[in-house]
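Asks: Handing you a structure now.
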Amino acid sequence: MRSPVLAVVAASLFAVGGCGIVSGDEADLQVYTGRHYDLEQAFTMFTDETGITVEFLSGSDAELRERITAEGENTPGDIYMTVDAGNLWKAAEDGLLATLDSAKLTDAVPEGLRDPDQRWYGLAMRARTVMYNPDEVSPSEFADEHTYADLADPKWQGRLCMRESTSPYTQSLVAAMIDEHGKERATEIVQGWVDNNVEIFSNDVQILENIDAGTCDVGITNHYYLARLLADNPDLSVTPFWANQDGRGTHVNISGAGVITNSDNKKQARQLIEWLATDGQNAFVDGNHEYPVNPDVEPEPIIADFGEFDFEPINAQAYGELNSTAIEVMNEVGYE
Ligand SMILES: [Fe+2]
């Protein structure tokens, strides 16, 4: 099953590397990653501590899963890492991930943030919540129970900025709403956003910049993009509102990883995943302002300032299985 996307993935193999991370096929561990962040700090630290070298192959999740399948027994990949529980679920369903029975990991990663069958473990958590400009909006304007759904109310007409339908972030949020409300009600909600003339952006930073500038009053983004902007400009006029606090809790997702079934270096692969959840947990999550999954680790100060919140239980199976329904719902109502 050769396809043009494989060439794109292969090309990006050489685009990564640098800074203590080995290029080519010299490294001890090959991590296939759908994360699009600067990963190097934590992994360089891992190499310094253990002597195990790590190389990344980055691509979209569908590309990476397709590649692992195509490579079969000959895959050089040892670890599959990604940013969405639905993607981890799909990889496990496709038989791409080996069982990783680790007392260290079951201690470090709470149930609910890992696969009950031990094929993947959450390593960092991100919240996708409502962001607003405090000069334009009072937090009392938001519903506390169905916050995302209430953005379909006509009072938000012309005030909303959101992410495009092709983003896995939007897809999992809509999948979670289908899981909560059913397809029919979820369709009404997304229709309501469209009727409110929601402005669509192709990245979260643009949404936050437009809220700051007052072009939009309200948006939905991942929390760490706000943390990054605040690190540069603490006076930014954007405040997070923790959605659904009187309901199911704020929508969250995980970055996580599993050992590839055909990895020929499972021992060191296990060592890396265990390290990321324990000794390396701070370095890994702080590098991208994500929330630790390990309850013994504190979040970094900027996101700690966002305050505590209840989050919706992650339903990896639902995000995975309802992904195509979520896309269908958005297409049906013309959400771009
Ligand atoms: Fe992101």
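Asks: Leaving ligands, DNA and RNA out of it, work out the accessible area of Met177 with a 1.4 Å probe and give it in Å² to the nearest 10.
Replies: 10
Asks: Reachable lysines from Lys155, Cα under 27 Å, same-chain residues fewer than 8 places away excluded?
Replies: Lys183
Asks: What does the convex hull of the Cα atoms of region 50-150 come to per residue, in Å³, rounded to a whole number?
Replies: Hull volume normalised by residue count: 196 Å³.
Asks: Another question about this same structure. For Ser60, what charge total do you get from the other residues with a beta carbon under 12 Å from its beta carbon, if Lys and Arg give +1 and Asp and Glu give -1?
Replies: On the way: positive: Arg35, Arg65, Arg67; negative: Asp61, Glu63, Glu66, Asp84.
Within the 12 Å Cβ shell, the charges total -1.
Asks: Can you tell me the accessible area per residue over the chain, all protein chains present, probe 1.4 angstrom, in square angstrom?
Replies: 41
Asks: Now a separate question. Suppose the Debye formula is applied to equal point scatterers at every Cα of region 212-336; what is log10 I(q)/I(0) at q = 0.10 Å⁻¹?
Replies: -0.46
Asks: Using only the Cα atoms of region 294-336, what semi-axes does the equivalent ellipsoid have when each is the square root of 5 times a gyration tensor eigenvalue? Give whole Å, largest first.
Replies: Rounded to whole Å, the semi-axes are 33, 15, 8.
Asks: Ordering His223, His36 from largest to smallest accessible area (1.4 angstrom probe), what's the sequence?
Replies: Working: His223 0, His36 110 Å².
I get His36, His223, largest accessible area first.
Asks: Would you list which aspartates and glutamates come within 12 Å of Lys267, measuring only between C-alpha atoms, while excluding same-chain residues fewer than 8 positions from it?
Replies: Within the straight-line limit of under 12 Å, Lys267 reaches these aspartates and glutamates: Asp28, Asp78, Asp101.
Asks: In whole Hz, with x marking every Gly and Pro, tabulate ³J(HN,Hα) for region 76-90 from phi via Karplus 6.51 cos²θ - 1.76 cosθ + 1.60, θ = phi - 60°.
Replies: For region 76-90, the Karplus-derived couplings read x, x, 10, 9, 10, 10, 7, 10, 9, 4, x, 5, 5, 4, 4 Hz, x marking Gly and Pro.
Asks: Take the alpha-carbon centre of region 155-227, take the same for region 39-93, and report the distance between them in whole Å.
Replies: 29
Asks: Expressed as a whole percent, how much of the Cα-Cα distance distribution for region 86-218 exceeds 18 Å?
Replies: When every Cα pair of region 86-218 is considered, 63 percent fall beyond 18 Å.
Asks: Give me a comma-separated list of calculated 3J(HN,Hα) values for region 294-306, in order, Karplus coefficients 6.51, -1.76, 1.60 applied at θ = phi - 60°, integers in Hz, x for any Gly or Pro.
Replies: Values, residue by residue: 6, x, 7, 10, 7, x, 5, x, 4, 7, 4, 5, 5 Hz.
Asks: If you take the alpha carbon radius of gyration of region 112-164 and divide it by 2.2 N^0.38 Å, what ratio comes out, to two decimals?
Replies: 1.64
Asks: P(r) of the chain in 20 Å steps, Cα pairs, percent per bin?
Replies: Whole-percent P(r) values from 0 Å outward: 31, 57, 11.
Asks: Using R₀ = 30 Å, calculate the FRET efficiency as 1/(1 + (r/R₀)^6) where r is the Cβ-Cβ separation of Ser202 and Glu71; round to 0.05.
Replies: My answer for the efficiency is 0.45.
Asks: Name the long-range amide H neighbours of Val130: under 5 Å, sequence gap of 5 or more, or other chain; modelled H, no Pro or chain starts.
Replies: Long-range HN contacts for Val130: Phe241, Ala243.
Asks: Something else about it: Amide H neighbours of Phe201 under 5 Å, counting only residues 5+ apart in sequence or on other chains, H built in-plane at 1.01 Å?
Replies: Under 5 Å from the amide H of Phe201 lie the amide H atoms of Met162, Arg163, Glu164, each far enough along the sequence or on another chain.
Asks: Lys and Arg at +1, Asp and Glu at -1: add these up for the other residues within a Cβ distance under 14 Å of Glu328 and post the number.
Replies: Taking every other residue near Glu328 into account, the sum is -2.
Asks: For the chain, give the percent of accessible area contributed by carbon and sulfur heavy atoms, probe 1.4 Å, rounded to a whole number.
Replies: 45
Asks: Remind me, relative contact order of the chain in percent, using alpha carbon pairs under 8 angstrom and six or more residues apart?
Replies: Computed over the chain, the figure is 27 percent.
The values are calculated or read from the model by the stated rules, or taken from the named source; none is laboratory data. This structure is a prediction, so every number in the text was calculated from the model and none was measured. Glycine gets a Cβ as well: all are built from the backbone with ideal geometry, and neighbour counts include every protein chain shown. Please note that ligands, DNA and RNA were not included when accessible areas were found on the heavy atoms of the full protein model with its side chains. Shrake-Rupley method; radii C 1.70, N 1.55, O 1.52, S 1.80 Å.
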